[in-house]
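Asks: Got a structure for you, written out below as structure tokens; questions coming shortly.
Only the coordinates and a few stated rules stand behind these numbers; no lab work does. Fair warning: this is a prediction, and the values are worked out from it, not measured in the lab. All Cβ positions, even for glycine, are placed from backbone atoms using ideal geometry, and neighbour counts span all protein chains on display.
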Amino acid sequence: SGLLDGKTCGAPLCAVIRNSDQHSKDYAELADAPRPGHADYTAWVKWKGHADMRGGGHFSGRLTAPLCIAGGIAKQILVRRGVYVGAHLYSVGNYLDAPLPEYPTPKLFESVAAKPFPVLNDKNGELMQNLIERARQELDSVGGIVECAAIGLPAGLGDPMFDGIENRLAAALFGIPAVKGVEFGKGFTAAYLHGSQNNDPFAVRDGRIVTETNHAGGILGGITTGMPIVLRAAIKPTPSIAREQQTVSLSRQENTELQIHGRHDPCIAPRAVPVVEAVTACVLLDLLLEGNHGTF
């Protein structure tokens, strides 16, 4: 629907993703014994025990698949205006990748997207993968951070206070299951700096006003500066782990033990990289359209 000979035809775009790896029986025990770190308990409270939590329900990582479809469409439209969005796996546990350069390029984004493990430095990626494998062998999981950038956006996009670029992006990014923190530019690190260290000096370069550094992540007062937007999203460790955990029986109202069965990734942060890209692209396209920055 919505596509004819490779071009949109005016009807709504429709895409169907068939899940061929569903095992509903793996979730039967969880209806009475909520998983620690998961939304089983809060869903039980909110919908008075009637929530369908097979596969994780509304809180499943499967919901990131349609986000990627929407984001893939948004990225193609953004490219027409010279706006590119890319991301990489910034960290897993205590292992860090190289940070994105101050001026990332579309070619860099493409090279990372083409890799089976989305990092800038492959040796760092090997260390991350080894940590993920150790967590799997220990019946545990590990979290990570995704770093994302957008280049080519004009200065002056966004609004102060509650409709700022950070507000809109953060609201959407927190809609990705497992995201527990979002920061822009230096983020929380800025709290440890002096103003003389954190401020980005202005300069004129090639007839354009830029900043010598980009600690603000391309945003001041909720409005784009014209520098690359840089953000990071913290992804929590997968809550479904094979280790025995303490929980409760909702029906009996007593303490019990839980051992989760089925396939669960020991780290979902690598899978979150294209999802963070997609959500960022959707929000930025909305903002460009609202800002009347020409047709697409």
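Asks: Need the C-alpha centroid separation for the stretch 217-272 versus the stretch 52-98, integer Å.
Replies: Between the Cα centre of the stretch 217-272 and that of the stretch 52-98, the gap is 14 Å.
Asks: If I take the Cα coordinates of the stretch 160-293 and project them onto the principal axes, what are the three extents in Å, biggest first?
Replies: Result, largest extent first: 68, 37, 27 Å.
Asks: Now a separate question. Can you give the Rg to Rh ratio for the chain, taking only C-alpha atoms and Rh from Kirkwood?
Replies: 1.00
Asks: Still on this structure, I have one more. Comparing ASP163, ASP97, ASP140, which has the greatest mean-square fluctuation in the GNM of the chain with Cα pairs linked when under 10 Å apart?
Replies: ASP163
Asks: For ARG271 and ILE209, FRET efficiency with R0 = 30 Å and r from the beta-carbon atoms, rounded to 0.05?
Replies: It comes to 0.20.
Asks: If you don't mind, another one. Under a 10 Å cutoff between Cα atoms, tell me which one of LYS48, LYS236, LYS107 has the largest fluctuation in the Gaussian network model of the chain.
Replies: In this elastic network of the chain, the residue with the biggest mean-square fluctuation among LYS48, LYS236, LYS107 is LYS48.
Asks: Are there chymotrypsin sites (Phe, Trp or Tyr not before Pro) in the stretch 38-101 that DSSP marks as loop and that have at most 12 other Cβ atoms within 10 Å, and which are they? Write down the numbers at each step before the final one.
Replies: Values: sites: TYR41, TRP44, TRP47, PHE59, TYR84, TYR90, TYR95; in loops: TRP47.
Passing sites in the stretch 38-101 do not exist.
Asks: Scanning the chain for GluC sites (Glu not before Pro) in DSSP loops with at most 13 other Cβ atoms within 10 Å, what's the longest stretch left with none?
Replies: The reported range is 1-101.
Asks: Please determine, in degrees from 0 to 90 and to the nearest 10, the orientation of helix 122-137 with respect to the longest principal axis defined by the Cα atoms of the chain, where the helix direction is its Cα long axis.
Replies: It works out to around 20 degrees.
Asks: Quick one: which of LYS107/LYS180; LYS46/LYS186; LYS7/LYS115; LYS107/LYS236; LYS46/LYS236; LYS7/LYS75 span more than 25 angstrom between C-alpha atoms?
Replies: LYS107/LYS180; LYS46/LYS186; LYS7/LYS115; LYS107/LYS236
Asks: Once the other residues with Cβ under 10 Å from the Cβ of LEU120 are scored (Lys, Arg +1; Asp, Glu -1), what is the net sum?
Replies: Computed value for this residue: -2.
Asks: Hey, another quick one. Highest GNM mean-square fluctuation, the chain, Cα pairs closer than 10 Å: which of PRO106, PRO274, PRO118?
Replies: Result: PRO106 has the largest fluctuation of those listed.
Asks: Pairing the Cα long axis of helix 64-79 with the longest principal axis of the chain, what angle in degrees results, from 0 to 90 and rounded to the nearest 10?
Replies: 10 degrees
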